[in-house]
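Right, one structure below, let's go through it.
The values are calculated or read from the model by the stated rules, or taken from the named source; none is laboratory data. No experiment lies behind these values; they were computed from the predicted model shown. Here the Cβ is made from the backbone with ideal geometry for all residues, glycine too, and neighbour counts use every protein chain on show.
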Amino acid sequence: MPVRLKSAIIPTARILLVDDNRSGLMARRVVLEELGYLTDGASDARKALELFRCGQYDLVVTDFKMPGMDGVELIEKIREEDPAIPIVLISGFVDALGLTEKSTGANTVIMKSANEVQHLIRAAGRLLKTPKKPPLAERTVSVRARKKTAN
């Protein structure tokens, strides 16, 4: 069943794709670019961090199992730099390892399966329509400022 996205998605949203499996990386890239997203790909987490630091991304999609640094470690490093960036983690080990949004730091965790692409399209559409929340420290300052002006 085809997935239809509404037009409220960020126009030309930039997505960073990370996967050491070239086929998986290319398959996701082709599908997302056909939907109008701009994508950059990295074959490992270290390269992904370099790209992330040099670019402006609206979404990160990463595989879990990669040599050197796994997807959860990558998520931790990205969160240190941008706590609000939406991140999707994709893995064939979701159930076996108990990978959840809470345990990984990802906004969405997707199991590799025949329906993976449909789940990714839905997740991207949902996450890119959601306005980014500022980091907690900025929200706290904002609340304090409002209280001062209200008094």
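What do you reckon, is Arg14 touching a strand residue (DSSP E or B) at 6+ places or on another chain (Cβ under 7 Å), of a type outside the set (Val, Ile, Thr), closer than 19 Å to Ala106 by Cβ and at pLDDT 95 or above? Yes. The test for being free of Cβ contacts under 8 Å to residues at least 60 places away in the same chain and touching a Lys or Arg at 6+ places or on another chain (Cβ under 9 Å) does not hold for Ala42. Restricting attention to the range 88-124 and to residues that are under 11 Å from the mean Cα position of the chain (by Cα) and among the small types (Gly, Ala, Ser), the residue that is nearest to Val30 (Cα to Cα) turns out to be Ala124.
Residues in the range 48-68 that are surrounded by fewer than 21 Cβ atoms within 10 Å (Cβ to Cβ), touching a residue at least 12 places away in the same chain (Cβ under 8 Å) and more than 15 Å from the chain's Cα centre (by Cα): Lys65, Pro67, Gly68. Do the conditions hold for Glu73, that is, is it at pLDDT 95 or above and more than 11 Å from the chain's Cα centre (by Cα)? The answer is yes for Glu73.
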